[in-house]
Structures are given as structure tokens and as C-alpha cells.
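Only one structure is covered here, and it is reproduced in the block below.
The values are calculated or read from the model by the stated rules, or taken from the named source; none is laboratory data. What you see is a predicted model, and the numbers here were worked out from it, not measured in a lab. Don't worry about glycine lacking a Cβ; one is built from the backbone with ideal geometry, like all the others, and counts go over all protein chains shown.
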Amino acid sequence: MQPDTQTSPSTQLINLKTRRAGEARVGKFLNKTAYNGLLIVGVAALLAGVAVIVLEHSLHGYLLIALSLICYVPAVWWHRRLKPLPADGTDLNSRLSADVLALLKPGTANQMSGVWSALGDHWQARFFLNHLLLTRPMVAEHLNTDPAALGQALQTATRLADANHSPLIEPGFVIAGMMLASPGVSQLLTQFKARPADTEAIANWLARGLAEEARRDQQKFGGIGRDWAFGYTPLLNRFGQNFSLGIAKYGAHFDWLANSEGVKAIEAAFENRAGAIALVGPDGIGKTSTIYALAQKLIEGKTGQRLAYHQVVALNATDITSTARGPGELEHIMLSLASEASHAGHVILFFDDAQLLLGGGPGSFDATQILLSVIKAASVPIILAFTPNDYQRLRTKNQSLANLMTPVILQELPEAGVMRVLEDTAIGLENHHQILVSYEAMREAYRLSGRYDQDAAYPGKAIKLLGQAVPYSIHSVVTAESVQKAIEQTRGVKASSAAPAEADALLNLEDNIHRRMINQSHAVSVVASALRRARAGVTNPNRPIGSFLFLGPTGVGKTELAKSVAATYFGSEKAMVRLDMSEYQQPDDVQRLLSTGAEASQTNSLLMSVRNQPFTVVLLDEIEKAHSNILNLLLQLLDEGQLTDSAGKVASFKDCVIIATSNAGATEIRDRVGRGESLESFAPQFTDQLIQSGQFKPELLNRFDEMVLFRPLTPEELGQVVQLMVGSVNKTLANQNITVELTPAAIAKIVEKGNDPRLGARPMRRTLQKAVEDTVAQKILRGQAQAGSHIRLDAPDLAI
Amino acid sequence: MLVASFFIWWYGRGWKQVALSIKPRLSSVAYTFSVTQLLRTLFAPWRRIITYPGSSLGERLKAWGDNIVSRTIGFLVRLIVLGAALVAITTVSLLSVIELILWPLLPPAIPLLIILGIV
């Protein structure tokens, strides 16, 4: 037999002239409806034939029986051979699925466009298109036209089938192969913010779905006599949720977790006769899913003899508490539940949020003694779920109880595992909400939840974010933008690309900052550039947005620039955590910075401030005065973008701008600028001097993105500062509809009186207050200024 | 070619498939009736309904009697179900063997039956 087209020696192409391909076409023609029709006619003809022979004694009945066989034989052929069309060998044409072979037309299977046109409407092709947000014509237009590319695509399809342990090469694998072998499609995907690797990921997702569907049909749960050797559980049915029976009734899809380390560890512990297990993991890590996977494995009898057909019953502490009328009844219920579980002989009790049973948290009650006695008796297997903190608390407060439990620590899934869970979640969301979840939305949910949700673990936090994105779907499609909007709404962060207005503001950041502060152009430009880089997403996401060391004399605008950054980038001057580092000069002061809980509010904890307000400017004033322990801590903060509290919980500084200020070398800067040197010319030498004088360690200076030198303000610039301050006075007077203006002579007088070379612009505020605000107040009180008045003050008018 | 495909399959893999499907079919019937479980627990008390013996002789005798009743009920129920399983397994076995024997005869039976019907 000749293939449909010429083949190169190294590749195989589709041959539609094989016996298998012919069978696939007949199989498609004889579909499910025809099969049912043949069976009905066959059975009817058989019955009629027998009736005619027996009742009428007519040999014509044989004709009817022949008709019955004419229907039955092809029906059986279709059902057992043509429909499944299993793989007949290991070469390409022996493995192509019935759908591929039946849909392809002779003469078109030798080029990608022909294969695409035949398979493009198959549901598996739509699975790709929908999740990559592409259309059929778009892909068709970008397919590789090189005749050799189809061979390459089919090789990829075979590789994907092998990787997924699929004996058949499904249409989805061929589709993926064609997309991966077409550079044009890769470019198209890039344009749509997808990645070529997503195609392969979707092929694996599809293969997993097909395999799970096949397995689902074969799920068995022990037969009719499964529970006859075990006891009744009326009380547990009332208070508990039987995971196992739920799975047996509605099915489950926890196969992927059934062989996880967590499930294996629980099984091994119970096989070794452990009485209780402490299942430890942070929120979102999948403690409950692990128990569901265990329940599925047990109810399918896929465990050792000791645990086969055991059922997992989850008990909710809050439900039990709300039912009991007092502590006595509560104890009675708890003991009855344990006794019933023990007597039934096949129950594993599961307590989610177990600390609620041990007197921790709202809605809790203390069942420690009851649990202690039940676990000691080892009459019923128990699993208690804890977060790491709760487990630590239990170990501290009640070591005897903790020692009776075998701890099973769950580890966070790697990215591939989380994406697999998100794929399952997406299918659930799609079915429930009648929407479509794009693959890039899933990736974005993974990325953004990792970045902005430090409190929970994967995969829970990514699942949560994907669910939160559903209301932001556009035309019933959840995209990466939907996920970004969801996180922006729930966390108050800027995750999406800058909108035109915002982009404009970022591009003009220097101008915006200069509306608030005078000169220091170099400093403003350095900071503005860093913020633009961060917002455009080109900086290292694992470090703070920007970190700067502002060096210069007092009163030259260091703090004002920090405030301007807070106002222009984070939207408010209040988005700033300010710490005077001269208050942190003792070794123990590190604890104050990292304190959590009740003492945090009293100690001005940096950690808690940033946890409460993660999108903020952290201003560390007079950094050189802090103790070296604190400077070491700062090294970690600048390097990793995070700090860890005593409980091991991480606080992220990745969305902060870190600004440290210092007056170190202020005199040197003032003198050099006074001699006419520019900041840029002596900055490197100045840095060396700071290191040599021991004021800063080189490793600290190297950690900052930029060291920014501020120069003293000239009298002209101080005049501009005065004008800015008058602007602020006018804002205050706006509600009285009064405006104030200073003549140049008045400004010069204020500068002269308020300028102190050591203190920069700082005394200016006091001078202005005395000179302008006092004068205006007197005019208002004397009735010389009313609503609508414009007060012009000259030098002699000023009360200084 | 299509007719050849049919006959090659019918007298080749198809027939083999029918033979190979007998064992899983019987296993499935046995599983549906929980045969292994029931045999393993044949004399176990019905749904663990048991009386724990007290300290006095009377209480012990009563508990023994109660437990014997529970075990007898369990045994009878399981025996009945095992009987039903046996019937089902026998029926499925017979039908499977008949299918296996008749399988090669079905295609040639069609022209034969037509000739018989006409003649």
C-alpha cells in the first residue's frame, strides 16, 4: 500500500489507504444511532422469527432470524472494533485514532492545511482554540506551508501521545503537533500573550481528561455487600459529612492526588496502627483534597486489607458546638460519635480546622481531654488538620496530646502540579458558570496569587483567585485581564498594564513630582525611572519595586521626595511607613521591627505595617544611626524582598519602594557644591569616603538600586519653595475664597530670614507661618479681607 | 477490502476478544455481589450488632446468645447473596461460553438461514 503522499525517510505521513483507515470511515458512518437502531431491529426480528417458527410452524421465521443476525453482526463489529479502533501497532498509522482517520479526506492528508481543515472542527481542536483564545481561520492562516512540516508535526503528536501513555494518537495531539511545528502560530500565540509551551500544556491537559474519563467508567466501590460487616452510623450521618459515600455516589477526580506523598504517609501511618494523625499544612495547600483522595482510594479498595473500604467522615466542630445545649451535652455528643465510629469499625474521623476542638479561635470549644482519651484508646483512626502555627501551638501547650499524633507535613505543590489543579478548577468553573477560562488566565492566577497572596499556599490561593476572576469575565471569557482586575479589586494592587491615562502620568512622573518639590532633578529622575521600570514589569519581581539611599544635608527635599513618590505612585501621601532609625540603636530593637500580634501596635512594627499596607513607601530616616543587626536585616529585605517573623511567616516587601535617608557626609556635599562641583562629578569618590569612614558597609550600599545625592538649595530655589508653600496656604484659604500673593521682595525677605545653611528649607515653614499666615489672619480678623479678597503682601507688610 | 477487514477481525481479534472478556465479566459480577468480602466475613455479626458480655454468668450467656443470633442473620443474608452471585456467575459463564462457540458460526449462519427460509 502506498501512503497518501511522498514520505521522507525519517518521517512517516498519514496513509488513508490502510485497512484501519477504512474501518475508521465505516465506524464513523455507523454511528451510535445506527448501532442502537440495529440492535432494536435485531432483537425484534429475532423475537418475531422465533414466534413465527414456533406458532406458525413456518420456515419463513428463519428469514427473520437471518435479518436479526444481519443487524447483530455489524452492530457487534462497530461496538467492539470500529468505535474504539484500538491501536494495532507502534507505527503512526497503527496508532492514529478513529476520529483522525475518519475525518481526513484522501488527497488532503499530505499538507497541514488539509489536516487542519478536516480536524479543525473536532471538539478537541475547539478545546485548544477556546483555551488559547484563537479562532480556526487565525490558526489556518498561520500554519506552516512547508510540506516537510507535517511530518515534524506528526512526530510531535506521537511524542505527546507517548508522554501521556496514550496508545492512540488523538486529534488533539495532531492539532498540537501542527501548532508547535508552525512558527507562525507561535508568533500568533505570543501576540495573544500566550506561549507556545501552552499548546503542549493543553495537550497534556486534554490527555489527562481523556484518561480520567476512561477511568471513571471503570470506578467500582465494593459492591452490594461492602458495608455488611461494619456497623451502622446514624449519629455520624447526622453530624458528619461522609466523604467516601459522596465519592461513591457522585464520582470524584482525585486520582492525581491518590499517590501523593501525603496520602501515602497517612496510609502507612494507619497501616502501622497509628491512632491519630496530625495533617499539617498552611491554608490552601490541599489538606481537605488530600483527605478526599484518601477517601477515594479507600472506598475503591485500593489499599491494604486493613484499611480497605474504610470511610472518611468529616466532623465540623462548629456544627457540634451549635447543636449542644451545654458543655455536658457537648462532651456526650463527642464521646458518642467516637464510640459509634469505633463500633462501626470502618470509620476514619477527620477534623478540619482541628484547633477549634482544642479551644483555639472563635466558635471553638476545648475537647482536649475527650480527644486525649479517644486517641489513647486507639479505638478509632482520627485525622486532625492543623496549620503549621496551630500545630506549633499545640506542641507548646499540650505536648502529651501532640505526642500521641503522627505528624504528616504536606508540601506545597510545584508549578506543574498547581497548573494541573487549576486546569481541573477551570473545567469546574466553565461547567458551573457557562463560561470559558483561557489558559493565560490560569497562568496569571498562578503568578499573581504567588506574588500578592503571601498568607495562603498553592494551589488554594490560585484556585481562589481564578474563582474571583469569574465576575470580571468579558463576553463570558475569563482572561488574564479578568484575573488582574480581580486581584486589583481584592488587594488594591496595580497588576494590569497601565491604562493610557496612567501611562501618561508615569511618563510625566518627573513633572508631577516637580509640582511638589523644587529642583533635585537628578534625584527625581532616578526615582521616576525606577518606578516606570517597575510598572512596566521589567524589574526583578522578587525584589522591592525600587530601593534608594538618599544622601544630603537636612532640608533639601529627601523626605519630600519620598512623600511625592507615595502620592504619585501609590495614590496618597499616607501610603508611607516612616521609621526614625535613631530609635533602633540597640541590638534587641530588631525584635521591635519584626514583632507581630498584640505587641506590634505598640512597637511600631515594620513587618505588621507592611502586612497591613503592602503597597507603600518604606522611609527609613537616618539609616546610619540604626544598629548593625538592623542593617543586616535590611540586607535581606533588599535582596529577597521579604522578611520573616519569629513564627516563620513571611512578609513581602516586593510591592514597596524602600527609601533610606542619611545626613552622612552632608558637610562634604555642602562644601563641594559650594565650591561649584557638580554632584555627578564627586559621587563615586563620595561613596568611597562613606565606606572608608566606616559609616556604611559596602554590602549595604551595593544592595540599593541607586544612591541619590541631594545638593543644598540655592536662594532662588528656596524662593520657589516659598511659592510652593504659599500655594499650600492658598489651598487652605480656598474655602473662604481668599487668595494671597507675595511680591518678589517679600519672597526674598522670607528666604533671607528663613534660610539656614545647616538646616536647608526646613526653617522656611516657620518663617512663612510667622510672616504670611499671621499677617493674613490679622487682616481677616480686622475685616480687611473678606470672601473674594486678593491679598498682595510686600516685604514691609510682613511681620518679621 | 472492507469485507475482508470484517472477516479478519471476526475470526481473529474479535473471537479472541470474546474469549478474553469472559474473565473480567465474571470478575465484575463477583465484584458487584462483593463475593470476596462476603466470603471473608461469612460468619461475622450482621452490621456489627453485638452485645458486650457483662460480668455475671447470666449476662455472658445472654450476650453469647445475642451474638449467635447476629452472626446467624449475617451468615444467612450473606449466604443468600452468595447464592444469587453463584447463579449470576453461572449464567454469565454459560452465556459467555455459548457466545464463544456460536461466534464463528454467526456469519455463515446468515446465508444458511436465508436459504432455509426461502426453501
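For the stretch A:88-107, taking the residues that are over 13 Å from residue A:171 (Cβ atoms) and buried (at least 17 other Cβ atoms within 10 Å of the Cβ), the one that is nearest to the other protein chains (Cβ to nearest Cβ) is identified as A:93.
Consider residue B:94 carefully, then state whether it is out of contact with any strand residue (DSSP E or B) (no Cβ under 9 Å at 6 or more places or on another chain), part of a helix (DSSP H, G or I), within 14 Å of chain A (Cβ to nearest Cβ) and surrounded by fewer than 15 Cβ atoms within 10 Å (Cβ to Cβ). So residue B:94 does not fit the description; no. Of A:372, A:384, all but one fail to be in contact with a helix residue (DSSP H, G or I) (Cβ under 8 Å, 6 or more places away or on another chain), surrounded by fewer than 21 Cβ atoms within 10 Å (Cβ to Cβ) and either without any contact (Cβ under 8 Å) to a residue 24 or more places away in the chain or in the same structural domain as residue A:277 (by TED's automatic domain parsing) (or both); the exception is A:372. Residue selection: residue A:323 satisfies the criterion of being out of contact with any Phe, Trp or Tyr (no Cβ under 7 Å at 6 or more places or on another chain), among the polar types (S, T, N, Q), farther than 20 Å from residue A:420 by Cα and surrounded by fewer than 19 Cβ atoms within 10 Å (Cβ to Cβ). Residues that are surrounded by fewer than 16 Cβ atoms within 10 Å (Cβ to Cβ) and within 17 Å of residue A:129 (Cβ to Cβ) within the stretch A:141-187 comprise A:141, A:184, A:187, listed in sequence order.
Test residue A:383 against the criterion of being at pLDDT 90 or above, touching a Leu at 6+ places or on another chain (Cβ under 7 Å), under 19 Å from residue A:320 (Cβ atoms) and assigned to a helix (DSSP H, G or I), and give yes or no. It is false that residue A:383 is at pLDDT 90 or above, touching a Leu at 6+ places or on another chain (Cβ under 7 Å), under 19 Å from residue A:320 (Cβ atoms) and assigned to a helix (DSSP H, G or I). Could you list, ordered by first residue, the pairs with Cβ atoms under 7 Å in which the first is in the stretch B:104-119 and more than 7 Å from chain A (Cβ to nearest Cβ) and the second is part of a helix (DSSP H, G or I), at least 6 apart or interchain? Hits for this filter: B:104/B:11; B:104/B:15.
Residues in the stretch A:237-263 that are of a type in the set (Ser, Thr, Tyr) and closer than 16 Å to residue A:220 by Cβ were compared, and the one that is modelled with the lowest pLDDT is A:250.
Of all residues in the stretch A:223-276, those satisfying the criterion of being over 26 Å from residue B:74 (Cα atoms) and of a type in the set (A, V, I, L, M) are A:247, A:252, A:257, A:258, A:263, A:265, A:266, A:268, A:269, A:274, A:276.
The numbered conditions (1) assigned to a helix (DSSP H, G or I); (2) at pLDDT 95 or above are all true for residue A:167 except (1). Residues satisfying the criterion are absent from the stretch A:608-628 (criterion: crowded, with 17+ Cβ neighbours inside 10 Å, at pLDDT below 85 and more than 30 Å from residue A:506 (Cα to Cα)). Of note, residue A:245 does not satisfy the criterion of being crowded, with 17+ Cβ neighbours inside 10 Å, within 14 Å of another protein chain (Cβ to nearest Cβ), on the phi < 0 side of the Ramachandran plot and assigned to a helix (DSSP H, G or I).
Pairing each residue of the stretch A:121-143 that is outside the structural domain of residue A:480 (by TED's automatic domain parsing) and assigned to a helix (DSSP H, G or I) with any residue that is among the acidic types (Asp, Glu) and surrounded by 15 or more Cβ atoms within 10 Å (Cβ to Cβ), provided the two are 6+ apart or on different chains, yields C-beta distances under 7 Å for A:124/A:170; A:132/A:198. Give the stretch A:478-493 a look and list any residue that's farther than 26 Å from residue A:286 by Cα and either crowded, with 19+ Cβ neighbours inside 10 Å or at pLDDT 95 or above (or both), or say none. Result: A:481, single match. Would it be correct to say that residue A:49 is more than 30 Å from residue A:147 (Cβ to Cβ), modelled with pLDDT of 95 or more, within 12 Å of another protein chain (Cβ to nearest Cβ) and touching a Gly at 6+ places or on another chain (Cβ under 9 Å)? The answer is yes for residue A:49. If you go through the stretch B:50-66 one residue at a time, do you hit one that is at pLDDT below 95 and either within 11 Å of chain A (Cβ to nearest Cβ) or closer than 19 Å to residue A:226 by Cα (or both)? Yes. Just one residue in the set B:31, B:11 is surrounded by 12 or more Cβ atoms within 10 Å (Cβ to Cβ) and either acidic (Asp, Glu) or closer than 30 Å to residue A:221 by Cα (or both); that residue is B:31. Considered as a group, the residues in the stretch B:67-91 that are among the β-branched types (Val, Ile, Thr) and closer than 15 Å to residue B:29 by Cα include one that is nearest to the other protein chains (Cβ to nearest Cβ), and that residue is B:81.
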